[in-house]
Amino acid sequence: MSKPAKRKAYRWGQFAELFASLLLRLKGYSIVARRYKTRVGEVDIIARKGTLTIFCEVKARNDYSKAAYSLSQKQINRINRAAEYYMAHLKSGSDHNNYENNIYRCDMILIIPWRWPVHIKNAW
């Protein structure tokens, strides 16, 4: 892939994540972090609604089926490790009592051009 193509794909990915975070805001979630990176993995969006924390992977492709099947098992494992890392650090922090009964799930948002995004709850 050439440099201009990589740059275009990177910008498209950034736009998709921004659009996905706006969609979550419209659904009543508060965005905690975007592009959360740890040494064990990365999560595109972390959002909260009540006691529920969601770890959301955003996939932008030309059609929904390509977007849905583009998530590999390796990526799922890295997202799960990052989610567990995040939740462990929440429980060990100063707000320990606030997050004691906190639950989380992993979602996926599929974005294709000129269509409304699809939010798949509890994707894996």
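What the table below lists for this structure:
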{"read-out": "Exposure proxy ranking, count of Cβ atoms within 10 Å, fewest first, for C56, C106", "value": "C106, C56"}
{"read-out": "Footprinting exposure proxy for S65, S21 (fewest neighbouring C-beta atoms within 10 Å first)", "value": "S65, S21"}
{"read-out": "Nearest-20 debye value, the stretch 3-120 charge dipole, Cβ charges on Lys, Arg, Asp, Glu", "value": "640 debye"}
{"read-out": "The chain, relative contact order in percent, only Cα pairs under 8 angstrom and at least six apart counted", "value": "23 percent"}
{"read-out": "At 1.002 mPa s and 20 °C, Stokes D of the stretch 1-68 from Kirkwood alpha-carbon radius, µm² per second", "value": "163 µm²/s"}
{"read-out": "Pair L52, A68: separation of 7 Å Cα→Cβ label points (nm)", "value": "2.0 nm"}
{"read-out": "Between 0 and 90°, nearest 10: helix 3-26 axis offset from the chain longest Cα axis", "value": "50 degrees"}
{"read-out": "C-alpha long axis of helix 73-92 to longest principal axis of the chain, angle in °", "value": "30 degrees"}
{"read-out": "Directionally averaged shadow of the chain, computed from the convex hull of its alpha-carbon atoms, nm²", "value": "8.2 nm²"}
{"read-out": "Trypsin sites (Lys or Arg not before Pro) restricted to DSSP loop in the stretch 1-52 with at most 16 other C-beta within 10 Å", "value": "K27, R39"}
{"read-out": "I103 paired with L22, simple spin-label distance in nm, labels 7 Å along Cα-to-beta-carbon", "value": "3.2 nm"}
{"read-out": "Calculated FRET efficiency for the pair R39/V118, C-beta based, R₀ 35 Å, to 0.05", "value": "0.65"}
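Each reported figure results from applying straightforward, stated rules to the coordinates on display, with no laboratory input. As the structure is a prediction and not an experimental result, all values here were calculated from the model. FYI the Cβ positions are ideal-geometry reconstructions off the backbone, even for glycines, and counts take in every protein chain you see.
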